[in-house]
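Engineer: Got a structure for you, written out below as structure tokens; questions coming shortly.
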Amino acid sequence: MKEKIIRYIQDNPYCTFGNLCANFDIRKNELLNIVNHLVNDGDLIQEDNTYLTPYNLGLIKARIVTVKHHFAFASIDENEDDVMIEEEHLNNALLNDIVYLRYDLFFEVVKIVKRERQFVVGEVSKQFGVCYLLVNGIATDNTKFIVEDYEGYNEAILKCKIIKETKGTIYVSVQEKLGDKNAPGVDITRILLEHDCPLEFNEEVNSQVANLPINVEEDEIKGRLDLRDELIVTIDGEDAKDLDDAVSVKKEDYGYLVGVHIADVSHYVTEYSPLDKEALNRGTSIYVADRVVPMLPFILSNGICSLNPNVDRLTISCLIKLNNNFEVISSQITPSVIKSKYRLTYTFVNEVLKEHKEETELEKMLQLLNVIATNLREQKNKRGELDLAIPELKVVVNQKGEAVDVKKKIQQDGEKLIEDLMILANEQVAETIYKKNLPFIYRIHENPPAKRMDTLIAFASRLGFKPHFNSISVKPKDLQRLLDDAKYSPKYQIVAQVLLRSLAKARYSTFNKGHFGLASECYTHFTSPIRRYPDLIVHRYLRKYIFNKDIDDAFERKEELNFIAENTSMKERRAIAVERESNDMKCAEYMSNFIGSEFMGYITGMSNSGMFVELDNGVSGKIGFESMDDYYSLDDNYFHAYGKRKGKRYSLGDRVTVIVNNTNKDTGDISLIIKGEKPKHISRFKRRNGHNRRK
């Protein structure tokens, strides 16, 4: 309906609300509500009592998605590359703001439609009687934030509210003092608040949670499949407390019955309740170095919704029948009740699988699950699933929140086993609803943009590989073949990283467009309703469509599902940004202990100012060209750097020995220099000008 209204107004600019009522057969209040939402979101513009679209005025609606030192990037269409806006044309737009752009040789922000943040967080710096707030990542360098009502000391971290602004200057008022910048935990809190992440639950939510049961009552079990006597286990990391998935398996005459049992969070988080609204607002749990910012209160996520061992828990089970060739025969999705028998860890499961233990019933079940998962993996491999095998970096912190170590998290058989079973369940749930042709939320991963594939082909070819695919019609199997070709090459990691950067971003949508990375025709997220809101919605709609057979208003809810898909995709991007920034900051803090030390690494990226290197310990840093003994230029694709005087060449994937030169915890930057390099000579003219500037 929203799209129809936008198209109508675009074709009939300056139409009135009466015109809309005459052309759309829906209730007047409902129509007014939709139109007001479109105006608030910037899809429509209201002038007096008439409406028009940004297109009618030559404007483009966009969102600021990245801010650098002197420019920013805006997203106009998720399927297209972001557009760059120079600092002088941003007109005070901040990260995540919705804006109108005009293009005339360059992109310019002509209006900020919607400020995503009413608060900013930063460090106090008093200069010549003016109190500035130094913010990170949300504004360009020359945007000034002035605090009007602060009498305290420098280096305090403040949360402030925007009160007014002029071009290039934003005035703020102190709302809360978070503490000294070096106090334990303040660094992570600052990043969370910079991204407008809610840290506390409001009174309404806490009141609702306080009234929830702490045990499963008998009357709640009625009508559910009783699986409490079955051997069902959870498998998670050692420190996990929100256990939302459990698994089981039985050998049958036809083959195997695999059970994936997921906490029935939607039973407790009812639609439109305060808890539901707050979960939608958060979108996802956020995992940072020293804490978890949960989507649901811990008393719920670690309590009645957590599949703890030896207690009754309400679940939604996906029971999948596989034949002896490990092919799906059928599946059943049903409300259930389970009593997990064991709370297993990946460490334990990996040990059982590695040593081929089969003495107990539990060990036999784990071995059988592994056989099934291995065969499912082979099937996915045959259809073209991309297994990039890029280790995840985990920063270890002490009780004070200080970074004391970094570790690469490498998937072993236990982790892969759970991942394979969860993917199987997600596909079965998605296919079940898709066949019914009812509105639903899918997890989609669209085909990669052709321009990026052209770049990947050029890069892989220069490394000596032969990509046999067309950039426009590329299939997952084509990229998998490229990865297989590079598998035993020292260049594998860089090929995998460049390939990953070439793919589209996965997101949520009400349109099933398949999942390119998994080579899956139909996919959703069903298995983590404690920490992801889309999974909670999937559970809610399974109950509505399948358990309660209620499809009366299904298509009237599609607009609401569209909003949820867009909102949760955005909140997921926010969580990724927070996790990346906190990781970078803690890596810089950790590497400050190694200034002057040598490390080996490989070049993973290039920019006009330098080269990015991933060290063998997983930490990444930057070699600035100014630290090298030549002047370097880059090729068009940013694959190679060429020394203009000495002719030395550096390429993506090259192994280099570097020395840690400096770190900056505030920005998360790690400065490296190549061993043996000397900074190029600075002319007497530049030295003199530099000296004069310092004076």
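The values are calculated or read from the model by the stated rules, or taken from the named source; none is laboratory data. What you see is a predicted model; the values in this text were computed from it and never measured. With ideal geometry, Cβ positions are generated from the backbone for all residues, glycine too; neighbour counts draw on all protein chains shown. When the accessible area is computed, the model is the full protein with side chains, heavy atoms only, and any ligands, DNA or RNA have been set aside. Shrake-Rupley method; radii C 1.70, N 1.55, O 1.52, S 1.80 Å.
Engineer: How long are the semi-axes of the ellipsoid equivalent to the stretch 1-112, from square roots of 5 times the Cα gyration tensor eigenvalues, in whole Å, largest first? Let's see the in-between values first.
Structural biologist: Values: eigenvalues 186, 33, 27 Å².
Equivalent-ellipsoid dimensions as semi-axes: 31, 13, 12 Å.
Engineer: Given a 1.4 angstrom probe, what's the average accessible area per residue across the stretch 80-119, in square angstrom?
Structural biologist: Numbers: 2060 Å² over 40 residues.
Heavy-atom SASA per residue in the stretch 80-119 reads 51 Å².
Engineer: Sticking with this structure for a sec: Name the trypsin sites (Lys or Arg not before Pro) in the stretch 84-192 that are in a loop by DSSP and that have at most 10 other C-beta atoms within 10 Å, would you? If you can, show how the numbers build up before the last one.
Structural biologist: On the way: sites: R102, K111, K114, R115, R117, K126, K144, K159, K161, K164, K167, K177, K181, R190; in loops: R115, R117, K167, K181.
Loop-located and lightly packed - K167.
Engineer: Now for a separate question. Please express the Cα-Cα pair-distance distribution P(r) of the stretch 200-307 as a list of whole percents, one per 10 Å bin, running from 0 to the bin with the greatest distance.
Structural biologist: 12, 39, 31, 15, 3, 0
Engineer: Quick check on the stretch 9-51: take the gyration tensor over C-alpha atoms, sort the square-rooted eigenvalues as a ≥ b ≥ c, and tell me if it's rounded (a/c under 1.5), prolate or oblate.
Structural biologist: oblate
Engineer: Restricting things to alpha carbons, tell me how big the stretch 559-652 is in terms of Rg and Dmax, in Å.
Structural biologist: Final numbers for Rg and Dmax: 18.5, 61 Å.
Engineer: Whole Å is fine, so just give me how far the alpha carbon centre of the stretch 578-597 lies from that of the stretch 171-226.
Structural biologist: Taking the Cα centre of the stretch 171-226 as reference, the centre of the stretch 578-597 is 27 Å away.
Engineer: What ranking do 456-469, 519-532, 282-295 get when scored by the average of other Cβ atoms within 10 Å per residue, highest first? Don't jump to the answer; show the numbers that get you there.
Structural biologist: Values: 456-469: 16.2, 519-532: 23.6, 282-295: 20.5.
Ranking the peptides 456-469, 519-532, 282-295 by packing returns 519-532, 282-295, 456-469.
Engineer: Sticking with this structure for a sec: So for F298, F145, F201, what's the accessible-area order with a 1.4 Å probe, most first? Write out the running numbers ahead of the final one.
Structural biologist: Values: F298 105, F145 5, F201 40 Å².
Order by accessible area, largest first: F298, F201, F145.
Engineer: Where a ≥ b ≥ c are the square roots of the eigenvalues of the C-alpha gyration tensor, would you call the stretch 260-312 rounded, which needs a/c under 1.5, or, failing that, prolate if a/b is larger than b/c, or oblate? Show your work: numbers first, answer last.
Structural biologist: On the way: a/c = 2.12, a/b = 1.12, b/c = 1.89.
It comes out oblate by the Cα gyration axes.
Engineer: Across all directions of projection, what mean area in square nanometres is found for the Cα convex hull of the stretch 72-146?
Structural biologist: Numbers: hull surface 23.1 nm².
Computing the convex hull of the Cα atoms and averaging its projections yields 5.8 nm².
Engineer: With semi-axes √(5λ) of the Cα gyration tensor in Å in mind, check (1) 53, 30, 26; (2) 42, 35, 27; (3) 44, 34, 23 and report the label derived from this structure.
Structural biologist: (2)
Engineer: Would you calculate the separation in nanometres between label points at S330 and L634, each defined as 7 Å from the Cα along the Cα-to-beta-carbon direction?
Structural biologist: Roughly 5.7 nm, to one decimal.
Engineer: While we're on this one: Can you compute the modelled spin-label distance between E392 and E86, with each label point 7 Å from Cα toward Cβ, in nm?
Structural biologist: With each label point 7 Å from Cα toward Cβ, the separation is 4.2 nm.
Engineer: Rounded, prolate or oblate for the stretch 446-559? Axes are the square roots of the Cα gyration tensor eigenvalues, ordered a ≥ b ≥ c, and the cut-off for rounded is a/c under 1.5.
Structural biologist: Numbers: a/c = 3.53, a/b = 2.61, b/c = 1.35.
Cα axes put the stretch 446-559 in the prolate bin.
Engineer: Determine the gain in length on full extension of the stretch I163-D253; use 0.36 nm per residue of separation and subtract their C-alpha separation, reporting nm with one decimal. Present the calculation step by step, with values, prior to reporting the outcome.
Structural biologist: Details: separation 90, 0.36 × 90 = 32.40 nm, distance 7.05 nm.
Residue separation times 0.36 nm, minus the Cα-Cα distance, leaves 25.4 nm.
Engineer: Calculate the spin-label point distance for N154 paired with K28, positioning each point 7 Å from the Cα along the beta-carbon direction, and give it in nanometres.
Structural biologist: 6.3 nm
Engineer: On to the next question. Would you mind telling me the share, in percent, of accessible area of the stretch 61-164 contributed by carbon and sulfur at probe 1.4 angstrom?
Structural biologist: C and S fraction of accessible area: 48 percent.
Engineer: Still on this structure, please answer the following. Tell me which DSSP H helices of the chain clear both cut-offs, 30 Å or more of axial length from alpha-carbon atoms and a mean Kyte-Doolittle hydropathy of at least 1.0.
Structural biologist: Once both thresholds are applied, nothing remains.
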